[in-house]
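The structure appears below as structure tokens.
The values are calculated or read from the model by the stated rules, or taken from the named source; none is laboratory data. Keep in mind that what you see is a predicted model, and the values were worked out from it rather than measured. So basically every Cβ, Gly included, is an ideal-geometry build from the backbone, and we count neighbours across all protein chains shown. Heads up: the accessible areas ignore ligands, DNA and RNA and are worked out on the full protein's heavy atoms, side chains in. Shrake-Rupley method; radii C 1.70, N 1.55, O 1.52, S 1.80 Å.
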Protein chains: 2
Amino acid sequence: MKLNVGISNRHVHLNNDDYKMLFGNKELTKRNDLTQPGMYACNETVIIKGNKRSFDNVRVLGPLRNYTQVEISKSDCYYLGNNAPVRNSGDLNDAGEITIIGPVGEITKKALIIATRHIHVDKNIRKTHNLEGIEKVSVKISGEKSGIIDNVYLKDSEEAFFELHLDTDDANAFLLNQGDTVEIIEKN
Amino acid sequence: MKLNVGISNRHVHLNNDDYKMLFGNKELTKRNDLTQPGMYACNETVIIKGNKRSFDNVRVLGPLRNYTQVEISKSDCYYLGNNAPVRNSGDLNDAGEITIIGPVGEITKKALIIATRHIHVDKNIRKTHNLEGIEKVSVKISGEKSGIIDNVYLKDSEEAFFELHLDTDDANAFLLNQGDTVEIIEKN
């Protein structure tokens, strides 16, 4: 079963309280829609301050959520000098501590994760693609640096766009570009 | 068949003429031995200047060779703003153009590659591990972000230390550390 790849650079999700702490009473503003219905990249960016170094201009994704989460790659961990566990989005168990700096204020909290490899699905996609009851899959990637990635979790939402989301480490290791096609080969 | 992983950060091999152009008549000096017999990291470093950005302190590896080659990752390509093909060491066909700056001089030449995933072998290792006549293999990697990498070339030398060499993109995608153990699962 084939599907497209979306590549996620480091980014930030914010809850309402943290957003207000960082940006004050200014409204969150959309820059562009993302492939997942209702999700968008904002004009707003923050600084992610690690133990050794920082990243400027880290994009905030909207809409606001009920948790604050900073998603980075393992390469980013080495650059920042911070540790982060591999977690499904929203699971901040043992998340790394990170400082987020906005134009108005800053916060330091346990919000730093490496997102699991995941595929966005909804009930309809699960049914159509014979993925009902499946927790995770393996995905075959073609090309000059081909291979297979395991532990790709299915991530449910009300309405999804069927797409594999990888971080920049996975994408660059396999020389993948946004919109490339890959194949689900094993279901668990 | 199990073997250890060695992770290669960006680095430079120089031929004698280019070394003299960059460093003058100063001798190349060893900082520390590498795992491959006779290979070493030098005290000498260069600046790699790309189209958009540069890397300082890029390590020169010794001894000098009969070709000049700059090995980087795909992530490094994006950072520098330069393209590089995936190539076995020494194959500079269509290599990317790059500027190398030393303390005495600088050179610009087609020397920029992403090294293929490779395993160092010699005649004895091939015999002992039943790898005679094999060009490339697939390797299984365990862990939280597990998977399989294909197109791992066997690289022969007179005397080798049996080890898989990966760049930092592959290592970080699979959360691998120097000295971790992986497994050859397919031979072609």
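Observations, loosely collected:
- Per residue of A:148-154, other chain Cβ atoms within 10 Å of the residue Cβ number 5 on average.
- Charge dipole (debye, nearest 20) of the protein assembly as shown; +1 at Cβ of Lys and Arg, -1 at Cβ of Asp and Glu: 380
- Note on B:77-90: average number of Cβ atoms from other chains within 10 Å of each residue's Cβ is 1.
- Region B:111-188, accessible surface, carbon-and-sulfur percent (1.4 angstrom probe): 44
- Average other protein chain Cβ within 10 Å of Cβ, residues B:156-168: 1
- Across the copies of the chain, A:Tyr67 has label points (7 Å from Cα along Cα→Cβ) spaced 4.9 nm apart, shortest distance listed first.
- Residues A:Glu183, B:Glu163, B:Glu144 ordered from highest to lowest accessible area at a 1.4 Å probe: B:Glu144, A:Glu183, B:Glu163.
- In the complete set of protein chains, residue-level accessible area for A:Ser157 is approximately 50 Å², probe 1.4 angstrom.
- When A:Thr108 is represented by a point 7 angstrom out along its Cα-to-C-beta vector, the spacings to that point in the other copies are 4.6 nm, nearest first.
- Calculated FRET value between B:Tyr79 and A:Lys187, using beta carbons and R₀ = 45 Å, to 0.05: 0.80
- Order of exposure, largest accessible area first, which applies to B:Leu164, A:Leu34 with probe 1.4 Å: A:Leu34, B:Leu164
- Solvent-accessible surface, computed for protein heavy atoms with a probe of 1.4 Å, shrinks by 20 Å² or more for the following residues of region A:129-147 when the other protein chains are added to the isolated chain: A:Glu144, A:Lys145, A:Ser146, A:Gly147.
- Accessible area expressed per residue, region B:112-168, with surrounding protein chains retained (probe 1.4 Å, Å²): 44
- A versus B: buried accessible surface, summed, Å² (probe 1.4 Å, to nearest 100): 2000
- Model label sites at B:Asn9 and A:Tyr67, defined 7 Å from Cα along the beta-carbon direction, differ in position by 3.3 nm.
- Solvent-accessible ranking of B:Asp91, B:Asp122, largest area first, probe 1.4 Å: B:Asp91, B:Asp122
- Counting only residues at least eight positions apart within a chain, or on another chain, the aspartates and glutamates with an alpha carbon under 15 Å from that of A:Lys52 are A:Asp76, A:Glu97.
- Placing dummy labels 7 Å off each Cα toward the beta-carbon, the span from A:Lys52 to B:Thr108 is 3.2 nm.
- Rounded, prolate or oblate (a/c below 1.5 giving rounded, otherwise prolate when a/b exceeds b/c) for the protein assembly as shown by Cα gyration tensor: oblate
- Sorted from shortest to longest, the distances between the B:Asn15 label points of this copy and the other copies are 6.2 nm, with each point 7 Å from Cα along the line through the beta carbon.
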